[in-house]
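The values are calculated or read from the model by the stated rules, or taken from the named source; none is laboratory data. All figures in this text were calculated on a predicted structure; none of them were measured in a lab. Methodologically, a virtual Cβ is constructed for each residue, glycine included, from the backbone with ideal geometry; neighbour enumeration extends over all protein chains shown. For accessibility, only protein heavy atoms count, side chains too; no ligands or nucleic acids. Shrake-Rupley method; radii C 1.70, N 1.55, O 1.52, S 1.80 Å.
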Amino acid sequence: MTTLRLVLGDQLNASHPWFRQPDPGCVVVMMEIRSETDYVVHHAQKVLAIFAAMRGFAEALRAAGHRVHYLRIGDPDNQQDFAANLVQLAARYKATRFERMEADEWRVERLLDEASARLDLPATVVDSAHFLRDRDDLAQAFSERVPRLEYFYRDMRRRHGLLLDDNHKPVGGRWNYDADNRARWPGEPPAPAWPWVPTDVSALWEEIAAAGVRTFGEPNAHALPWPLSRAQAREGLAVFVNQVLPHFGRFQDAMSTQEPLLFHSGLSFALNIKMLHPREVIDAAIQAFEAGEVDIAACEGFVRQILGWREYVRGVYWGRMPHYAQTNALDAHRPLPRWYWTGETQMACLRHAIGQSLQLAYAHHIQRLMITGNFALLAGCDPDTVDAWYLGIYIDAFEWVEMPNTRGMSQYADGGLVASKPYAASASYIKRQSDYCKGCRYAATRRHGADACPFNSLYWDFMLRHEADFAGNPRMTMPYRAWQRMDEAERKATLKHARHLLERLDDL
Ligand code: FAD
Ligand code: SF4
């Protein structure tokens, strides 16, 4: 009697009940397969980091006495998809049962259902023991109505009893300290160093290349800068709590050419492949607050990202798929400009945000939302192509979290389910929050003319194009009033310039 237990590359959860003690009747199956490397073109570091972490996890399981069957990308008997490999392994081990954890992605869940049907064995799907809300419960709630993040988050604080006083009121008197988190970073305090010692994974890179996997971005295989084991992930968490968290909230919206992480944690990859549990990350932040090492604004701001946003987008995804993947409320159909894949644009902000993403497979939230996402929104790029870019380029990109952030929050393609207004901004926002404009060939203050910052005219063109969509939104009245106050000739020249730019986006 042998059970095959499938563990996916984003299910490296050492504290899952399956791994409490070795079971000689179970074979843990892990596989590096082309169907997963090829469903979108991924950044090289994403493929490297996931495979390296999977291999390390498999080794740790073996060392702890578990039976593991691991298929490498170049193994001759690797059939390169879930179903074919599972059928082959079921025959080899004379399996009598198949067990798997809930997948996080709709696409993978469907593939595993099909694989299970082909196996034709008694099968069980278990919880991945990672998230802070049950998937079906969340999906049910969000399929009926998508709540505003703030109410969802308060409910999660209550459910988990986090940052509440003895009267069940929020510690510090407020639920949310977001309004305090808007500072530009003046270069002080210095941003802490990158938290991880790089790992040489060049042998793995050779295997991936030999298998013919197509990737983009800088592999950095001699010095991969990401955590590849739970121990490294825990070290990164400790560095974050001690050195970064005290400044987390205040500079959350800041951007700098000098520092890729600034005061962000860089923990999303470790969290999303489940090397870290969200509760241990939240608890570490709250312990630092209770020990007086960080203030409530920093602690609450960080807890909100994980207890609030991370669980919330999962609710949107599972409550609204598969329809969500087709949403295109703003009827946007342009392809992404070519320079999204090279960083070769004269716009300093985009050159930096894309260049950093190609170098590191990472950009922080405001770079994703207000630089690359903002531009694609203003230019009317097709949410399918925007989704594919985000899903490929970031080390932490898995569809359940990528799609509601991209299609919903950033591109407003869901018509306002996630964002109460579109995150559209002109150059004045970027200038205020970053040092990008200083070194730019374009002038942040100009709306038209050869040197005018493209964000300005494209912003107004976008607003006018969608006036009917946004007119009823009280959060959008200010910009329309500002437009009405603008001189007629200025308005005409601005829109004319936008049309000129939209015809040559690849050349900007
Ligand atoms: P920190 O700023 O240190 O935040 C701490 C943690 O909070 C993160 O690690 C993450 O787990 C969580 N978090 C913060 N914001 C969000 C959010 N909006 N949604 C979900 N979790 C959040 N996040 C991903 O994990 N994968 C993605 O593919 C992804 N795609 C995005 C695409 C766009 C267009 C945008 C605007 C955001 C996207 N995000 C995504 C959310 C967010 O930008 C990243 O989680 C964050 O930048 C990761 O860096 P960090 O770990 O340094 O985050
Ligand atoms: Fe970006 Fe415009 Fe500033 Fe240049 S001037 S960095 S294009 S916002």
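Among residues of segment 155-168 that are on the phi < 0 side of the Ramachandran plot, those with a Cβ under 6 angstrom from a residue that is in a helix (DSSP H, G or I), sequence gap 6+ or separate chain, pair up as 156/307; 165/171. Among the residues making up segment 37-67, those that are in a strand (DSSP E or B) and either surrounded by 22 or more Cβ atoms within 10 Å (Cβ to Cβ) or under 17 Å from the mean Cα position of the chain (by Cα) (or both) are 42, 43. Filtered by the rule that a residue be part of a strand (DSSP E or B) and closer than 10 Å to residue 4 by Cα, segment 68-101 gives 68, 69, 95, 96, 97, 98, 99, 100. Does segment 173-180 contain at least one residue that is modelled with pLDDT under 90, open to solvent by 60 Å² or more (accessible area, probe 1.4 Å) and out of contact with any Phe, Trp or Tyr (no Cβ under 6 Å at 6 or more places or on another chain)? Within segment 173-180, one or more residues are modelled with pLDDT under 90, open to solvent by 60 Å² or more (accessible area, probe 1.4 Å) and out of contact with any Phe, Trp or Tyr (no Cβ under 6 Å at 6 or more places or on another chain). The lone criterion from (1) open to solvent by 10 Å² or more (accessible area, probe 1.4 Å); (2) assigned to a loop (DSSP other than H, G, I, E, B) left unmet by residue 18 is number (2). Scan segment 229-245 for residues that are within 19 Å of residue 274 (Cβ to Cβ) and open to solvent by less than 40 Å² (accessible area, probe 1.4 Å) and jot them down. Answer for segment 229-245, where residues must be within 19 Å of residue 274 (Cβ to Cβ) and open to solvent by less than 40 Å² (accessible area, probe 1.4 Å): 233, 236, 237, 240. Can you confirm whether residue 329 is among the hydrophobic types (A, V, I, L, M, F, W, C), more than 15 Å from the chain's Cα centre (by Cα), within 14 Å of ligand 1 (Cβ to nearest atom) and outside the structural domain of residue 149 (by TED's automatic domain parsing)? It is false that residue 329 is among the hydrophobic types (A, V, I, L, M, F, W, C), more than 15 Å from the chain's Cα centre (by Cα), within 14 Å of ligand 1 (Cβ to nearest atom) and outside the structural domain of residue 149 (by TED's automatic domain parsing).
When 193, 254, 203 are screened for being open to solvent by 60 Å² or more (accessible area, probe 1.4 Å) and not in a helix (DSSP H, G or I), only 193 passes.
With respect to residue 377, determine if the residue is assigned to a helix (DSSP H, G or I) and surrounded by fewer than 24 Cβ atoms within 10 Å (Cβ to Cβ). Criteria not met by residue 377. A single member of 254, 298, 221, 284 is assigned by TED's automatic domain parsing to the domain that holds residue 313, modelled with pLDDT of 95 or more and small (Gly, Ala, Ser), and it is 284. Residue check: is residue 449 at positive phi and not assigned by TED's automatic domain parsing to the domain that holds residue 249? Yes.
Of all residues in segment 236-283, exactly one satisfies the criterion of being within 11 Å of ligand 1 (Cβ to nearest atom), among the small types (Gly, Ala, Ser) and farther than 22 Å from residue 56 by Cβ, namely 249.
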